[in-house]
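Reviewing the structure listed below.
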Amino acid sequence: MTLAWPRVAGPRVDARDKATGATRYSADVEPEGALHAAVVRSTVPHAEVLAVDASAALAIRGVTAVVTAQDLERRFGDELCGRRVRDMPLLARDKVRFSGEGIAVVLATTRQVAEDAAALVVVEYRELTPVLDALAALGPGSPRVHEAPWRYDGAVVDQSHPPNLQSELVEGDPVAVDEVLGRAAHVVTRTYRTPSGHQGYLEPQCWTASPRPGGRVALLGTVKAPYRLREQTAKTLGLALEAVEIDPVPLGGDFGGKGGVVDPTLCAALALWANRPVRLALRAGEDMSATDARHPSVVEVSVGCDADGALLALRVDAVFDGGAYAAVKPIPSANLHGMAECALGYRLEAFSVRSAIAYTTTLPKGHMRAPGAPQAAFAIESALDELASAAGVSPVELRRRSVLSGGDRDAYGHVWDEARGAETLDAALEAADAAPRPEDRERPGRRRPVPSGWRRGRGVALYARPTAPPATTSLRLAPGDDGRLVVELPFPETGTGSHSVVRDELAAALGVDPENVEVRQVSTGLLPYDPGVGASRVTVGLTAAVHQLASRWWESGGTEAVTVETGSGTDRPALSYCAQVADVAVDPETGQVLVSSVVTAADVASVLRPRSHRMQIDGGTVMGYGFACLEDLLERDGQVWAPNLAELRLPTAADVPSLRTVLVEGGRGVGPANVKAVGELTNVPTAAAIANAVAEATGRRVRQLPLTAERVFWALHGETGGETGDEARDEARGEARNVARGVARGEEGPA
Amino acid sequence: MKMHARVNGSPFVAEVPATSSLLEVLRGAGLTGTKEGCRIGVCGVCTVLVDNRPVSSCLYLAGCADGADIWTVEGMAEHAPSVVDAFVECEGMQCGICTPGQIVAVASMGPDVRDERDVRHYLSGNLCRCTGYGTIVEAALDAQARRRDEVAPA
């Protein structure tokens, strides 16, 4: 175990360019003669589009066209767009299903003219009843978001399902759960809620498309999975795969949000339609209210244990708001893989998981860092504390008795050779008790001491995540002009340091100086398929490919270019635990929560670039803290009420808790580099650890995120004893309103 | 209107509409190292120095910078090389989109910014979604230490 972070010897491949402003991102690319596109977006959540009047926009000097769905259909046919489920039009046809959906596009010679003209396009709507609540959407009598969703290409539902079901995932055995819970000594059943959120990357999405001879098109922009975008674009526009080329460019942050929106495909269509380069750049606010957000959740958990506090059975029943379209979700189930794996961390006699995603007339929901897992972990790890309280055992003891050890069978039936649940939990607790200096237990940006009347609490949460065998990818190695080696890879640097890992690993495998290896992302036409950045697969897949590439290079004499295309690996998966301990202080008068410290223990194997690895851990924890305490896109009435970075409230350097990390070293990883995934580990349990700490500090349980001062205040002061902050608040407000009405009618107020 | 200024040490003359932001003018002149983020002055990715004061160039009218001494990230290797080196060596970045603003903000720190608490407050107008801030704060402290050494060599 170690608490120190050694400095790496070699700087990142991209460090100097990034530190001097030389790196060119999507928004820094503007081809000669490009037209600028501005999208006319719906202002209502659900409506028929009766008419689009572009005359005022067309009268502006510099506007070359206003493009509608009909224009695109005449050119490209009526294929819908999507990654798995193709249910979303590039521009709304007759009907809009969320506020923010594209209706028309203004093309103009400058961005300013395009944006100004887009504001002059008048859309006439006939408003329809919006569908805003995921639970109600799946119930009887809800208006339909789509007439017949089972008819869409790639649909994962059929006619027997409720008409607003996007996707349903079912795991485990609900009958066995009923039976086991029936004989459990203690059972709790609780419901937890989380809001929608933006991934929070600071680079707004932006694409540039250029027509190429022979009806082909080249596209460059904020794209983390170029080969998948190529496929989506070719399919939607009726082109051959080779007719679409995705060009390389680094990303200014991703966190799941830059994988699958329809706008890049729209941009390609516009370039072909206009036969000119077209640049479609979103403003930050537009990005936050019209791309893809994290799924809001309502998660019911039932969990039971025996008289000694050993877990017996777990049922997780989640309903997610999927928004207007399933198009942005990439996995075959069009569901959230964090839900599929949510019962992984504990020994259980029985479990069942149901994850239903509903169509609503809200912003389409996509992926955000470990999709589904933070929502599930908040619910499950909060419920475990509630169960511990019911059973009269400590939350730590409850978890320690049921975490997996080597040789244990998990709830899904898989036997893990190595599972280090107890070690990881104990490492976190030990570090939390042994802060090197007293101030390391307090938020480092804090200016004043915590007032003595504030209540202190500590909470713990766990998360277990598998590292899958290496996924398909490709690499090419060639001698460069200047005596260096050039390694080409098929996906962008999103910021994680993946390109630096390739350089370091290849240099080590070939025994050359890393300075002599140049790393380049190349166009999709130049390398075989790669599924893109995501699902924590990059380091595992890349390092496996690097090792193959190095052997091939030597076999072929080390002078000619070689390409490797790796298939899916057959290595045994590995399991990582992450344990977090949060310390909070709560102001009993206002409900304000101050998170003093989060200690993270991460179960790791080899660490390739220690500082890059650490930033995945720290950055994840801070994202988890934002999810717990600050961030909410505030989707209300079918509108995003927080469509800017001032109101979304991402954590600042002054906000964040003291972060300390213990690496539980010596684990068995996956692939030749012996690694475990870390990118989607630490952001998952943080919210539950903090909520559990708040519950310990206040004696009240808030089951809805974020843990705002208002929610905590009402949990402390409301009549319902903190069932959820919002319910207590609504009840109190309702009473206040009734009193006010009574006063207005001349009745006496309460004494 | 005509804007006369110095940018990164060189004379800079541009014809700018009265409503243009400094960000638009700089990027339009090819200085794309300064990024557009939130456009409402809260994220800090567009931070530049105007007469050694860090400003959000998205909200700063170009006309107001007439006559000013402006430095952007492209000039930092010359204006504040120890800050650039500190960010490179401490790996104070991931995706890099906030990095220009972070570096420019650190370059504007006075000697009164000494410890971690000072740095975290000074940088609280520069968001980062990737790193969790630890390596950025370390880079800033490292840069401050280097600059102290430069001013008063041992």
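Here A:L648, A:L128 are placed in order of increasing Cβ neighbour count within 10 Å, fewest first, which gives A:L128, A:L648. Peptide B:30-42 is shielded by partner chain Cβ atoms: per residue, an average of 6 of them sit within 10 Å of its Cβ. Here's how it looks for A:S658: its modeled amide H is under 5 Å from those of A:R443, A:S597, A:V598, which are all 5 or more places away or on a different chain. Which of A:A34, A:V353, A:A579 sits farthest toward the positive end of the charge dipole of chain A, with +1 on the Cβ of Lys and Arg and -1 on the Cβ of Asp and Glu? It is A:A34, whose Cα lies furthest towards the positive end. A simple rule links phi to the HN-Hα coupling: the Karplus curve 6.51 cos²θ - 1.76 cosθ + 1.60 with θ = phi - 60°, which for segment A:48-57 gives 7, 8, 8, 7, 10, 9, 9, 4, 5, 5 Hz, with x for Gly and Pro.
Label sites at A:E231 and A:T191, each approximated as a point 7 angstrom past Cα along Cα to Cβ, lie 3.8 nm apart. Amide H contacts of A:I246 (H built 1.01 Å from N, in plane; Pro and chain starts excluded): A:L219, A:T524, A:G525 sit under 5 Å, all sequence-distant by 5 or more or on other chains.
Report note on the peptides A:179-192, A:459-472, B:60-73: ranked by the mean count of other C-beta atoms within 10 Å, highest first, their order is A:459-472, B:60-73, A:179-192. Report the calculated FRET efficiency for B:A152 and A:S405 (r = Cβ-Cβ distance, R0 = 45 Å), to the nearest 0.05. Taking R0 as 45 Å, the efficiency between B:A152 and A:S405 is 0.20. Residue exposure proxy: A:H161, A:H613, ordered by other Cβ atoms within 10 angstrom of their Cβ from fewest to most, comes out as A:H161, A:H613. For chain B, averaging the sequence separation of C-alpha pairs within contact (under 8 Å, six or more residues apart) and dividing by the residue count gives a relative contact order of 24 percent.
Between the alpha-carbon centres of segment A:356-378 and segment A:108-128 there is a gap of 30 Å.
Of the residues A:V249, A:T496, A:A104, the one whose Cα sits farthest towards the positive end of the charge dipole of chain A is A:V249 (charges of +1 on Lys and Arg Cβ, -1 on Asp and Glu Cβ, taken about the Cα centre).
Between the C-alpha center of segment A:145-200 and that of segment B:127-154 there is a gap of 48 Å.
Peptides A:681-694, A:316-329, A:105-118 ordered by packing proxy, namely the average of other Cβ atoms within 10 Å per residue, highest first: A:681-694, A:316-329, A:105-118.
Relative contact order, whole percent, for segment B:76-149 stands at 46, derived from Cα pairs under 8 Å and 6 or more residues apart.
3J(HN,Hα) along segment A:138-154, derived from phi through the Karplus expression 6.51 cos²θ - 1.76 cosθ + 1.60 where θ = phi - 60°, amounts to 8, x, x, x, 6, x, 8, 7, 10, 5, 8, x, 5, 7, 5, 4, x Hz, with x in place of Gly and Pro. Taking the Cα centre of each part, how many Å lie between segment A:47-76 and segment A:630-653? Taking the Cα centre of segment A:630-653 as reference, the centre of segment A:47-76 is 31 Å away. Checking the cross-link filter: which lysines have an alpha carbon closer than 21 Å to that of A:K235, excluding same-chain neighbours under 8 positions apart? Excluding near neighbours in sequence, the set is A:K224, A:K258, A:K329.
Dipole check for segment A:470-566: with +1 at the C-beta of Lys and Arg, -1 at the C-beta of Asp and Glu, and the Cα centre as origin, the magnitude is about 280 Debye.
Set Lys and Arg Cβ to +1 and Asp and Glu Cβ to -1, take the dipole of chain A about its Cα centre, and tell me which of A:P213, A:A468, A:V170 lies farthest positive. Result: A:P213, furthest along the dipole toward the positive end. Local charge for B:G9 was computed over the other residues whose Cβ lies under 9 Å away, with Lys and Arg +1 and Asp and Glu -1, and equals -1. Relative contact order of segment A:537-654: 13 percent, from C-alpha pairs under 8 Å at least 6 residues apart in sequence.
Rounded to the nearest 20, the Cβ-based charge dipole of the protein assembly as shown about its Cα centre (Lys and Arg +1, Asp and Glu -1) stands at 520 debye.
Taking amide H positions as modeled 1.01 Å from N, with prolines and chain starts lacking one, the residues under 5 Å from A:V40 and 5 or more places away or on another chain are A:I103, A:A104, A:V105, A:V106. Look at the stretch A:275-286: the mean tally of other chain Cβ atoms within 10 Å of its residues' Cβ atoms is 1. Of the residues B:L59, A:L663, the one with the fewest other Cβ atoms within 10 Å heads the list, and the complete ranking is B:L59, A:L663. Computed from the alpha carbon atoms alone, the convex hull of the protein assembly as shown holds 192 Å³ per residue. Per residue of B:74-84, other chain Cβ atoms within 10 Å of the residue Cβ number 2 on average. Each peptide in A:483-492, A:336-345 was scored by the mean count of other Cβ atoms within 10 Å over its residues; highest first, the order is A:336-345, A:483-492.
Read-outs throughout are calculated quantities, based only on the coordinates presented, and are distinct from any laboratory measurement. Just so you know, these numbers come straight off a predicted model, no measurement behind them. So basically every Cβ, Gly included, is an ideal-geometry build from the backbone, and we count neighbours across all protein chains shown.
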